Amino acid sequence: MNILKKILGDMDNPVDVNGSITLFATIYMGIVGPEVFILQPGFVQGLVEYIGFSEKDAGYIASAEMWGLAITTVLLTFLAGRFNWRHIFLLSLIIIIAGNLVSLFMTTPSGFGLWRFITGLGCGGLVSLSFTIIGITDNPDRNFGYYIMWVLIYGALGLLAMPTAYSVVGMKGVIVFFALLPAAGLLLVRFLPASGKAHVKTEEDAVNIPSHYKGMALAAMFSYFLAQGVVWAYLFLIGINGGASEQEVANGLTVSQFLGIAGAFTTVMAGIRFGRALPLMVGIIAGMVPLLFLFDTMGPLVFGIAVSVYNYAWNMTHPYLLAAMASFDRTGRVVVNAVAFQMLGLAIGPAIAATVISEGDYSNVNLLGIGLFAAALVLIIPPVMKQKTLAASTVACAPCRSASPARSGRRWLDSKCRRGAGTAARRRRLDADSRTVT
């Protein structure tokens, strides 16, 4: 009991979500949550080359873990506010540690997949709450930038080291490493907030777009990350099949992680200077084009360039997608649901990819990824443009709301602004009305 109290810390002493130690703890948890997914190409390759599972079995196992992650993420969109967050973090870490350690003794694809699914349940708790905590800080854009940076650094170093790790400690040693990361996280639980009730924020330009546009946006999020799940799980094997050695593939993926860091900071630096529609179009198309070069034999240089452009586009697009989702309503519900759809896409993707591959041929994986990216692009642009139009109308009506100091006049003008479409003639009439009310 004393150990439990030391891990959980003083519940009556709330932490500062903007403090350095809390931010560090949150980012660390945000890395542990997707610790396997970030290294999934290397992990899937290990399942095939070092454990002996088939390519299809490896895809299903990767999908099983992501399904566990997705289920917890979806559940926490409804239940997180009812439980102490430190308790959720602690339980999640224990599940991840146990799931990894038990996986060491599984020799069949079904048994191994079951315990990867259980591990994923714990990972989902860390991912969901880490995103939430970063979102309630005073400077979420900067902090998400830090988070993405460290996730990608972990991914770059991990993918670079995996071939050496397999040769030195084998697949079991790699899985032990995946258990040690959450074990170290137990030391940080006490620095995390117990709830987020004191911090409620929404995107500044958020407006309530019609429901069917919200549905299109969530479908776009699902399609985009379904494409990611389809392609990402098999990138290592695609590279080897294309004529590169294991280390050459690892080197290419490592370089791509650093390009991903550049993509994330492109978003941070550009912000919405160019709106959201144009960056989303560029980012999604830039994710599709590299896949055209990953058919048949392409060699290590072409593979490295293609995955680098792909990773740059992925990490540039992701923040814009999240920011767009946050702008589609005033409650933040859309972005919460979007994260759940994101995880569902990543969960289903590897399993779908496993059904379309043939022995040593990954052409269908690339074609499916391209098609899903194209669908995401078609689905996301209409909601983004609708939000832009409604936000512009809201800004145009802002002078009307401040024109009259009288409460009754202000309420009347607000209703006129909500009904008004923002034409110049209507704004002139509203200005005249405001002077009359005054």
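Taken together, the values in this text are just the output of simple stated rules run on the coordinates, not laboratory data. Every value quoted in this text rests on a predicted model; they were computed, and no experiment measured them. Glycine also receives a Cβ, built like all others from the backbone with ideal geometry; neighbour counts cover every protein chain displayed.
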inquiry  = Need one word for region 56-109: rounded, prolate or oblate. Basis is the Cα gyration tensor (sqrt eigenvalues a ≥ b ≥ c); a/c below 1.5 gives rounded, then a/b vs b/c decides.
reply    = oblate
request  = Multiply the residue separation of V169 and R82 by 0.36 nm, subtract the distance between their alpha-carbon atoms, and state the gained length in nm to one decimal.
outcome  = 27.1 nm
task = Place the peptides 380-392, 222-234 in order of packing, highest mean first, counting for every residue the other Cβ atoms within 10 Å and averaging per peptide.
result = 222-234, 380-392
message = Quick check on region 302-351: take the gyration tensor over C-alpha atoms, sort the square-rooted eigenvalues as a ≥ b ≥ c, and tell me if it's rounded (a/c under 1.5), prolate or oblate.
response = oblate
query = By how many nm would the segment from I285 to A391 grow when fully extended, if each residue of separation counts as 0.36 nm and the alpha-carbon distance is taken off?
reply = 35.6 nm
note = HN-Hα couplings for region 222-238 via Karplus (6.51, -1.76, 1.60; θ = phi - 60°), in whole Hz with x for Gly/Pro, come out as 5, 5, 4, 7, 5, 4, 4, x, 5, 7, 4, 5, 10, 4, 4, 5, 4
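Provide the packing ranking of 65-78, 92-105, i.e. peptides ordered by the mean count of other C-beta atoms within 10 Å per residue, highest first.
Highest-to-lowest ranking by the protection proxy: 65-78, 92-105.
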task = Tell me the GluC sites (Glu not before Pro) within region 201-269 that lie in a loop according to DSSP and have at most 15 other beta-carbon atoms within 10 Å.
result = E204
inquiry  = Once you place label points 7 Å from the Cα toward the Cβ at F293 and A270, how far apart are they in nm?
reply    = 1.9 nm
task = Compute the label zone of A262 within region 272-286: residues whose backbone N is under 19 Å from the point 7 Å along Cα-to-Cβ.
result = 279-280, 282-286
